[in-house]
Amino acid sequence: MRTALLQSSGRPGSTAENLKVLDDAAGRAAAAGAGLLVAPEMFLTGYAIGDDIARLAEPADGDAADAVAEVAGRHGLAVAYGYPERDGETVYNSAQLISADGTRLANYRKTHLFGCFERDHFTPGEQPVVQAELDGLTVGIMICYDVEFPENVRAHALAGTDLLLVPTAQMHPFHFVAESLVPVRAWENQMYVAYVNRVGPEGEFEFVGLSTLAGPDGTARARAGRTEQLVFADADPAFLAASREANPYLEDRRPGLYGSLV
């Protein structure tokens, strides 16, 4: 499945403008043959927007989700994007996957919140593995800091995730996460990992870009730089199957030895 990674911070504070950016990227991605477009963490509203997070937060089936579904349906590709989700009085840092026909396939709430900023504005989610089937692949979702916990990604591997989508707001000076950690996660868990970052200054943060789609062989199949970009790579089920056959990590595990981890 040809996958497009939208590295952009959009227009912080304006859902309407970010939907325009998403629509433009979806058109370019579809023209390039992509079946999936992945946007960064908190893409619909912006990340460093303070109390506007709560003001702009919407339900998973709210107006913004309907607008993304319209974009997906019009361009004929699936879309995954980050946004602040409101559920009653609670706000989550969430990511949603919508199919090419506009169906809401999966919604994930970030389980590991990073720093005081996130803990001040969000409630952590409690479901670590969220998946959907898309074009013959089992697609999982997590958000940014979540991928830095090896147990999190291994849980997806054991649940059969083929392509892990990670909308991200990775900031300076942690560029090594995109450069080194993400390819290792893909290798040790035998999956594709699409790590899609914001880029440039925003409030008190400097986002480092470097979005990547890492393959199960530990290589970066696509790598963005430090500017706004749309990059492409393929998640190939045949290559994944061959890689899993050659790499016995999951088969050679000894779970009985790992009880102390929890």
Restricting to Cα pairs under 8 Å and 6 or more apart, the percent relative contact order of the chain works out to 19 percent
For residue 91, enumerate residues with amide H under 5 Å from its amide H, sequence gap 5+ or separate chain, H modeled in the peptide plane.
123
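For residue 10, what is the net charge nearby, where nearby means another residue's Cβ is under 13 Å from its Cβ and Lys, Arg count +1, Asp, Glu -1?
Working: positive: 11, 20, 198; negative: 17, 23, 24, 41, 202, 228.
With Lys, Arg at +1 and Asp, Glu at -1, the neighbours total -3.
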Let me know the charge dipole size of the chain about its Cα centre in debye, to the nearest 20, where only the beta-carbon of Lys, Arg (+1) and Asp, Glu (-1) is charged.
500 debye
Hey, any idea what the orientation-averaged projected area of the convex hull of the range 223-262's Cα atoms comes to, in nm²?
5.7 nm²
Counting other Cβ atoms within 10 Å, which trypsin sites (Lys or Arg not before Pro) in the range 181-262 have at most 15 and lie in a DSSP loop?
226, 253
Rounded to the nearest whole Å³, what is the per residue volume of the convex hull around the Cα atoms of the range 68-116?
82 Å³
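Is it possible to state the helix-based mean residue ellipticity at 222 nm for the chain, with each DSSP H run of 4+ residues giving -39500 (n - 2.57), the sum divided by total residues, to the nearest 500 deg cm²/dmol? What is it? Don't skip to the end; give the middle numbers.
Details: 7 runs with 69 residues, N = 262.
Value at 222 nm, helices only, nearest 500: -7500 deg cm²/dmol.
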Going from the alpha-carbon gyration tensor of the range 80-204, what semi-axes, largest first and in whole Å, does one get by taking the root of 5 times each eigenvalue?
21, 19, 14
Once you place label points 7 Å from the Cα toward the Cβ at residue 206 and residue 260, how far apart are they in nm?
4.1 nm
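Where the eigenvalues come from the Cα gyration tensor of the range 1-110, what are the semi-axes √(5λ) of the equivalent ellipsoid, largest first, in whole Å?
Details: eigenvalues 99, 41, 24 Å².
Working through the eigenvalues yields semi-axes of 22, 14, 11 Å.
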Extension reserve of the residue 123-residue 179 stretch, reckoned as 0.36 nm per residue once the Cα distance is removed
17.3 nm
So if I take the centroid of the Cα atoms in the range 215-262 and the same for the range 38-93, what is the distance between those two points in Å?
27 Å
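Just so you know, all these numbers are worked out from the coordinates, no wet-lab data involved. These numbers come from a predicted model, not from an experiment. Cβ: placed from backbone, ideal geometry, glycine included. Neighbour counts: every protein chain shown.
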